[in-house]
Amino acid sequence: MRAGASWGWSRRSGGELTNQRTMTGAERPILIAGGGPVGVVAALALARQGFEVRVFEADDHVNEAPRAATTHPATLEMLADLGLVDDMIRRGLVARTFQFWDRSSRQMVAEFDHDVLKDDTPYPFVVQCEQHKLASLAIERLRVLPNAQVHFSARVAAIEPFDDHVEIAVDAGARMQSICGSYLIGADGGRSTVRKALGIDFEGYTFPERFLVLTTPFDFAAEYGCGFRCYFSDPDEWVNLFKVAGNDGGGLWRAVFPTLPGEADEHVLNEESVQHRLQRFFPKPGPYPVVHRNLYNVHQRVAATFARGRVFLAGDAAHVNNPIGGLGLNCGIHDAVELSGLIGRVLRQEEPEDVLALYDRRRRPVNIEYVQQQTIANKKRLEERDPDARQAGFELLRRTAADRTAHRAFLLRTSLLESVRNRPSPS
Ligand SMILES: Cc1cc2nc3c(=O)[nH]c(=O)nc-3n(C[C@H](O)[C@H](O)[C@H](O)COP(=O)(O)OP(=O)(O)OC[C@H]3O[C@@H](n4cnc5c(N)ncnc54)[C@H](O)[C@@H]3O)c2cc1C
């Protein structure tokens, strides 16, 4: 295909096909590969500025696997600007505090309270809202905007970047369609086709152990006084425990455990082993009811660049990390919002196109400093084997929680507010 050829077809929501041969510049839609939470939030942020947006999602439905839930204050501020936060609070749970526990003694070590941030943000709490609810809320909003389309069962199979536009090949089952856009956002997850098509390295490593998520309605707050977000330190088997609302609002607890390297799926997921893990964590009479059991590979990786020409990577396509601290999706939403702002300024001709270089210049270091570093440190803290270092870590947490200034500084960082407030201005 020669550079400058701008042809292609896209399906409007009514099913009608529109030829884009005559479209130029800002008239061409912005294309988004991936209808996960980052892709649809990016789409909403762009569509609300009046731009034509098309999202292509490989799956035929929103993925409901238990992954992200914790949404931090900095992200709530952004989602409020997109008109999503009230519904997230309605469909999720508000958690003002989080706790560190010593698993072996089953004693709480320290509690942190976002209320110390009440002069820093209108949202001095996190919202535990499952990521599929956020994705569905954003898609509901997109469905009523005439300039936005979300296509399911539409896998982006190939991309071809040009100087003044991008073309993608979309596998929509019956046939391959070629679509032409002004920009392409690759929000197609950790195995990103877009990132691979551009030959961008995904630098970092994969942990030898996997993370097991067991979901139960058993009420750890009523029985053991656990808060809605608890981190249990243990040299042999740390645990993260979270409460989410669940689809019916009745409340579910997700317990996240590391598996042993090389442990087979059948061994980890069978009923006896699941019950054994939960009973060892908090013994109780009778078996635990378990509604979901999910295993995840876990990585710390960052793309060598987040942008090439008119193609950008956002969310897990650009960076992946262990989920301790609940930062991956939050950072992905920040990518989506920042990128949408930059593209908007260029398409409205408020800034020259080279302002888009700020996206990689800002987002990549932010991910490394605030997400990679914190999540690696969080995991180390929970699995510390040296008894003196463990006790010193506990003491530091207690001292930090007891001192209001240190408490606030700690939360400004863990909540990503610091990463947003420290952002340099565009020019
Ligand atoms: C157990 C666990 C707990 C977590 N908890 C948290 C948390 O509390 N807070 C937090 O911030 N983060 C958390 N995370 C991380 C979070 O789940 C991810 O960061 C988040 O899913 C990233 O969203 P995304 O939209 O970038 O990617 P995804 O959610 O992976 O979505 C990508 C989408 O792209 C689609 N796709 C893939 N390839 C193509 C293609 N070629 N064409 C079209 N579509 C395609 C996929 O079907 C998918 O729907 C957790 C992760 C795990 C595993």
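The values are calculated or read from the model by the stated rules, or taken from the named source; none is laboratory data. All figures in this text were calculated on a predicted structure; none of them were measured in a lab. For neighbour counting, all protein chains shown are included, and Cβ atoms are generated from backbone atoms with ideal geometry for every residue, glycine included.
Any idea which of (1) more than 16 Å from the ligand (Cβ to nearest atom); (2) part of a loop (DSSP other than H, G, I, E, B); (3) crowded, with 22+ Cβ neighbours inside 10 Å is the one GLY50 doesn't satisfy?
(3)
Considering every residue within the stretch 279-291, establish whether at least one is touching a Lys or Arg at 6+ places or on another chain (Cβ under 6 Å), surrounded by 12 or more Cβ atoms within 10 Å (Cβ to Cβ) and among the aliphatic types (A, V, I, L, M).
Scanning the stretch 279-291, I find no residue that is touching a Lys or Arg at 6+ places or on another chain (Cβ under 6 Å), surrounded by 12 or more Cβ atoms within 10 Å (Cβ to Cβ) and among the aliphatic types (A, V, I, L, M), so the answer is no.
Just to be sure before I move on: is VAL166 closer than 30 Å to VAL109 by Cα and either touching a residue at least 12 places away in the same chain (Cβ under 8 Å) or in contact with a strand residue (DSSP E or B) (Cβ under 8 Å, 6 or more places away or on another chain) (or both) in the structure I sent? Show your work before the answer.
Working: closer than 30 Å to VAL109 by Cα: no; either touching a residue at least 12 places away in the same chain (Cβ under 8 Å) or in contact with a strand residue (DSSP E or B) (Cβ under 8 Å, 6 or more places away or on another chain) (or both): yes.
The answer is no for VAL166.
May I ask you to list the residues in the stretch 388-419 that are under 13 Å from PRO235 (Cα atoms) and free of Cβ contacts under 8 Å to residues at least 60 places away in the same chain?
Those that are under 13 Å from PRO235 (Cα atoms) and free of Cβ contacts under 8 Å to residues at least 60 places away in the same chain: ASP388, ALA389, GLN391.
Among the residues of the stretch 217-224, are any within 15 Å of the ligand (Cβ to nearest atom) and either in contact (Cβ under 8 Å) with a residue 12 or more places away in the chain or under 20 Å from the mean Cα position of the chain (by Cα) (or both)? Talk me through it step by step, then tell me what you get.
Initial filter on the stretch 217-224 (within 15 Å of the ligand (Cβ to nearest atom)): none.
No, because not a single residue in the stretch 217-224 is within 15 Å of the ligand (Cβ to nearest atom) and either in contact (Cβ under 8 Å) with a residue 12 or more places away in the chain or under 20 Å from the mean Cα position of the chain (by Cα) (or both).
Can you pull out every residue in the stretch 336-356 that is out of contact with any Phe, Trp or Tyr (no Cβ under 7 Å at 6 or more places or on another chain) and closer than 29 Å to GLY325 by Cβ?
ALA336, VAL337, SER340, GLY341
Within the stretch 270-304, how many residues turn out to be assigned to a strand (DSSP E or B) and of a type in the set (D, E, K, R)?
The qualifying residues number 2.
Run down ARG348, ARG277, ARG254, ARG310 and say which single residue is basic (Lys, Arg) and either within 17 Å of the chain's Cα centre (by Cα) or within 12 Å of the ligand (Cβ to nearest atom) (or both). Steps first, answer last, please.
On the way: ARG348 fails: either within 17 Å of the chain's Cα centre (by Cα) or within 12 Å of the ligand (Cβ to nearest atom) (or both); ARG277 fails: either within 17 Å of the chain's Cα centre (by Cα) or within 12 Å of the ligand (Cβ to nearest atom) (or both); ARG310 fails: either within 17 Å of the chain's Cα centre (by Cα) or within 12 Å of the ligand (Cβ to nearest atom) (or both).
Answer to the selection: ARG254.
What are the residue pairs meeting all of these: first residue in the stretch 34-53, first residue at positive phi, second residue buried (at least 24 other Cβ atoms within 10 Å of the Cβ) and modelled with pLDDT of 95 or more, Cβ atoms under 6 Å, and 6 or more apart or on different chains?
Correct list of pairs: GLY34/ALA187; GLY34/ASP188.
How many of the residues in the stretch 280-306 are within 16 Å of the ligand (Cβ to nearest atom) and either of a type in the set (D, E, K, R) or over 15 Å from the mean Cα position of the chain (by Cα) (or both)?
Residues in the stretch 280-306 being within 16 Å of the ligand (Cβ to nearest atom) and either of a type in the set (D, E, K, R) or over 15 Å from the mean Cα position of the chain (by Cα) (or both): 10 in total.
Give the residues of the stretch 169-196 that are touching a strand residue (DSSP E or B) at 6+ places or on another chain (Cβ under 8 Å) and near the ligand (Cβ under 9 Å from one of its atoms), sorted by residue number.
We begin by selecting, within the stretch 169-196, every residue touching a strand residue (DSSP E or B) at 6+ places or on another chain (Cβ under 8 Å); these are 169-172, 176-188, 190, 192-195.
Hits for the stretch 169-196 are VAL170, ASP171, GLY186, ALA187, ASP188, GLY190, SER192, THR193, VAL194.
Could you list, in sequence order, all residues of the stretch 54-67 that are more than 9 Å from the ligand (Cβ to nearest atom) and either touching a His at 6+ places or on another chain (Cβ under 8 Å) or free of Cβ contacts under 8 Å to residues at least 60 places away in the same chain (or both)?
ARG54, GLU64
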